[in-house]
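Values quoted throughout were computed directly from the atomic coordinates according to the rules given, and no laboratory measurement underlies them. Note that this is a predicted model, so its numbers are computed, not measured. Glycine gets a Cβ as well: all are built from the backbone with ideal geometry, and neighbour counts include every protein chain shown.
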Amino acid sequence: MRLLIRLFLLAAVLGVAAELVAPSLVESQMEARVRDRTRGAVGVTADVQSFPLLTRLALTGQVRHVEMTLDEVSRERLLFATVRYELDGVTLDRSALYRRRARVSDIDRGRIVATLEAEDLAAGLGIPLDLAPGDVSARVVDRVLRLGEGAGAEISESLPQDILPCDPEASLDAGRVILSCSFTGVPPVLKRAEAVL
């Protein structure tokens, strides 16, 4: 009987240890895959928030919340300081799970927040740019970022579909343009990411 109790306790300890280590392993695999498959991103950080992760994956194939942040993403004349994907109710492909792969197949909802710094915008567009609130307006029309400087000329730049698959709203905050939008489909940058478990 004592041996059975010891074996049960050992299995429980190993199970908890696996649950504590699993998110870090999945995060590092996702980061590597997204980094390998995303052109123009200097850094990638993943954060999987779901406990117990392995048990939940085995029973439902779902993860409660995942955040993926890409740093210094360059597209055409734009350099995004950060692009953060916040995903809720992430469903993983169960057939891929059985092959020890994590591939996002669906989400309940998601949000993207992308940040453009004034200096990077000025350098990319080749013009001096001051994003002081009140002096400049920022808006997105037909997937084109439009920055207006008072009564002066307007600056326009198309937004990349692969980074921003939804139509974002624009706002200004302390020398930055912040683009944000919500969506329900898996973003292209995450469709290409498959982590090995």
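Observations, loosely collected:
- Backbone amide hydrogens, once placed in the peptide plane, bring THR82 within less than 5 Å of GLU72, THR115, excluding anything fewer than 5 places away on its chain.
- Available extension along the chain between ARG109 and SER156 is 14.0 nm, counting 0.36 nm per residue and deducting the alpha carbon span.
- At full extension, SER171 and SER95 could sit 23.2 nm farther apart than now, given 0.36 nm per residue minus the alpha carbon distance.
- Here r is the Cβ-Cβ distance between SER28 and VAL144 and R0 is 45 Å; the resulting FRET efficiency, rounded to 0.05, is 0.75.
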